[in-house]
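Notes for the one structure printed next.
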Amino acid sequence: MPRPIHALIDLDALRQNLSVLRRRAPHARFWAVVKANAYGHGIERVIEALRGADGLALLDLSEAERVRAAGWRAPVLLLEGAFEPRDLEACSRLGLWHTVHHDLQIDALSKHKTQEPHRVFLKLNSGMNRLGFAPHRYRSAWARLQALSQVDEISHMTHFSDADGARGVAHQLEVFDEVTRDLPGERCLANSAALLRHPETQADWVRPGIALYGSSPDFPEHSMAHWGLQPVMSLRSQLIAVQTLQAGDVVGYGSTFVAERSMRIGVVACGYADGYPRHASTGTPVLVGGVRTRTLGRVSMDMLAVDLSDLSPADVGTEVTLWGRASTGEVLPIDEVARAAGTIGYELMCALSARVPVATTQAAQA
Ligand SMILES: Cc1ncc(COP(=O)(O)O)c(C=O)c1O
């Protein structure tokens, strides 16, 4: 018998999330962000469900090679551009569009020999101070690119630090508009949070990631249900043991949970080596047989414990949903589990362990 844990990737949910987002930004073209192996979902697994996007945005050449090998002929954007000059050869060979955020990338382009000029997305550091040219340097970078025979089209791009929070995007948007005002070229600004919360950022292209996968970009202010999103990844396992505790009995390493009364607990085949967060403390929500209950005590490498009080039918073999959709249809948003562990849905998706078998579901394939 294989260990009962597995992850299910719901491709219908992914298609639906894409169309929900498209309806929110009807005039923009869509980059579907598939970096980090499609946020842990598996690039090759999800690519068909993303056919409705206009392009795929990703991190590096290995991911770009994979999407081309999977038959993706539409645009592909390297979100951080070339990491070294010879990456440009692969950009030419694979027809990749690439971000330019640094002078060294322009130097490399100026020396690059290519038949086909490249399309580039010039990145402005409008205030996040991660990647991009400072506002006072942006226009000279644009002029340098404009003069190169290796470049045919220059688009404008920036990234927001606080699209999901109170600080918002206005200050960065103002910088972007000011710096790029009279420059020709398409514009691309919005991640998921900006697309949903700040429609004024939608421009020619949007580039959502997390919302496609069914996690709310501004949880806990808004849930995935608020935005009309469905979970794409579900992590499911089963109870492999049931214990009966008396008042004073403890659970797990460090005895951090002490029973106040007699109770039943279940032991689930899922631990931190599967990607479940070890920092999820007692009380983290979990679905047992589709019914919401809580974890108890510390998560160990291969197991965790759940409260079966009021869950009398639950026994060895009962399905446990760690996040996502139970087979009964109940949903436990990944954002709630992430919050209980002091992290975000992004991290949990990306950290799904290689040892967890993954299957895809799609009822309504076109
Ligand atoms: C430059 C850039 N654009 C777009 C995205 C997508 O962001 P999100 O997943 O929050 O929609 C990311 C993700 O971190 C990013 O780094």
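The values are calculated or read from the model by the stated rules, or taken from the named source; none is laboratory data. Keep in mind it's a predicted model, so treat the numbers as computed, not measured. Cβ sites come from the backbone with ideal geometry, for glycine too, and all protein chains shown count toward neighbours. Accessible surface areas use protein heavy atoms only, side chains included; no ligands, DNA or RNA. Shrake-Rupley method; radii C 1.70, N 1.55, O 1.52, S 1.80 Å.
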Candidate set: the stretch 235-263, residues that are open to solvent by less than 10 Å² (accessible area, probe 1.4 Å) and touching a residue at least 60 places away in the same chain (Cβ under 8 Å); chosen: the one farthest from V33 (Cα to Cα): L239
The stretch 202-222 residues that are among the small types (G, A, S), paired with ones that are within 8 Å of the ligand (Cβ to nearest atom) and open to solvent by 10 Å² or more (accessible area, probe 1.4 Å) (beta carbon under 6 Å, 6 or more apart): A211/P217
Selection from the stretch 316-339 of residues that are open to solvent by 40 Å² or more (accessible area, probe 1.4 Å), among the aliphatic types (A, V, I, L, M) and within 27 Å of A193 (Cα to Cα): V331
Candidate set: the stretch 202-223, residues that are closer than 20 Å to V179 by Cα and open to solvent by 10 Å² or more (accessible area, probe 1.4 Å); chosen: the one farthest from the ligand (Cβ to nearest atom): D204
Pairs where the first residue, in the stretch 279-297, is touching a residue at least 12 places away in the same chain (Cβ under 8 Å) and small (G, A, S) and the second is part of a strand (DSSP E or B) and open to solvent by 50 Å² or more (accessible area, probe 1.4 Å), C-beta under 7 Å, 6+ apart: G283/R294
Residues located in the stretch 264-290, provided they are surrounded by 17 or more Cβ atoms within 10 Å (Cβ to Cβ) and among the hydrophobic types (A, V, I, L, M, F, W, C): I265, V267, V268, A269, C270, A280, V286, L287, V288
Helices (runs of 4 or more DSSP H) enclosed by the stretch 1-52 - at least 1 residues per element that are among the hydroxyl-bearing types (S, T, Y) and touching a residue at least 60 places away in the same chain (Cβ under 8 Å): 35-39
Hits in the stretch 250-279 (condition: in a helix (DSSP H, G or I) and over 22 Å from the mean Cα position of the chain (by Cα)): Y253, G254, S255
The listed residue being in contact with a Lys or Arg (Cβ under 9 Å, 6 or more places away or on another chain) and either within 16 Å of the ligand (Cβ to nearest atom) or modelled with pLDDT under 95 (or both), out of P85, P75, P4: P75
Test set (1) surrounded by 19 or more Cβ atoms within 10 Å (Cβ to Cβ); (2) hydrophobic (A, V, I, L, M, F, W, C); (3) touching a Lys or Arg at 6+ places or on another chain (Cβ under 7 Å) - L94 fails condition number: (1)
The stretch 143-175: number of residues that are open to solvent by less than 40 Å² (accessible area, probe 1.4 Å) and over 25 Å from the mean Cα position of the chain (by Cα): 5
Set E63, E80: member being within 16 Å of the ligand (Cβ to nearest atom), within 24 Å of Q202 (Cα to Cα), surrounded by 17 or more Cβ atoms within 10 Å (Cβ to Cβ) and not hydrophobic (A, V, I, L, M, F, W, C): E80
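Look at the stretch 292-317 and say how many of its residues are in a strand (DSSP E or B) and out of contact with any Phe, Trp or Tyr (no Cβ under 8 Å at 6 or more places or on another chain).
Going through the stretch 292-317 one residue at a time, the tally reaches 6.
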So G271, is it farther than 30 Å from M128 by Cβ and of a type outside the set (D, E, K, R): yes
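Let's see how each residue does on (1) at negative phi; (2) within 15 Å of the ligand (Cβ to nearest atom):
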{"residue": "R119", "(1), (2)": "yes, no"}
{"residue": "S126", "(1), (2)": "yes, yes"}
{"residue": "G132", "(1), (2)": "no, yes"}
{"residue": "H136", "(1), (2)": "yes, no"}
{"residue": "S140", "(1), (2)": "yes, no"}
{"residue": "L145", "(1), (2)": "yes, no"}
{"residue": "L148", "(1), (2)": "yes, no"}
{"residue": "V151", "(1), (2)": "yes, no"}
{"residue": "S155", "(1), (2)": "yes, yes"}
Residue ID - surrounded by the fewest Cβ atoms within 10 Å (Cβ to Cβ), chosen from residues in the stretch 340-352 that are more than 14 Å from L235 (Cβ to Cβ) and of a type outside the set (A, V, I, L, M): G342
Condition broken by P199, with the remaining ones in (1) open to solvent by 10 Å² or more (accessible area, probe 1.4 Å); (2) free of Cβ contacts under 8 Å to residues at least 60 places away in the same chain satisfied: (2)
